[in-house]
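Since the structure comes first, as structure tokens, the remarks are kept for the end.
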């Protein structure tokens with residue numbers, strides 16, 4: 001932490017933007033921003049994609065268990081036969 005604090009203070013003293021990545025702890029992220037960090041990666045691209053994909057999948061599963069547009073029928077029973 002001392003090294004991070006040192007880099008932030010030196011960057012600010014030299015008129016540069018301090019950046020930080022790889023720390024997912026929200027409390028520490030907020031502290032670094034208050035110290036002067038102006039660029040922060042809060043998650044990876046894959047992490048953001050997985051979070052949203054999981055949320056959407058849960059939403060779809062909830063709709064299926066509640067019947068959604070299929071009138072409460074199980075998915076297979078509501079599918080048209082050919």
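Just so you know, all these numbers are worked out from the coordinates, no wet-lab data involved. Since this is a predicted model, take the numbers as computed values, not measurements. Because the Cβ atoms are built from the backbone with ideal geometry, glycine has one as well, and the counts that use them run over all protein chains shown.
Just grab the label-to-label distance for residue 35 and residue 56, each label 7 Å out from Cα along the Cβ direction, in nm (one decimal).
3.7
Mind checking the full-extension length gain between residue 10 and residue 66? Use 0.36 nm per residue of separation minus the Cα-Cα distance, one decimal, nm.
14.5 nm
Rounded to two decimals, what ratio of Rg to Rh does the stretch 2-70 give with C-alpha atoms and a Kirkwood Rh?
Here the Rg-to-Rh quotient is 1.31.
Which distance in nm do the two modelled labels at residue 27 and residue 45 give, with both placed 7 Å along the Cα-to-Cβ direction?
With each label point 7 Å from Cα toward Cβ, the separation is 3.3 nm.
Using alpha-carbon pairs under 8 Å, 6+ residues apart, how would you state the relative contact order of the stretch 2-70 in percent?
Computed over the stretch 2-70, the figure is 26 percent.
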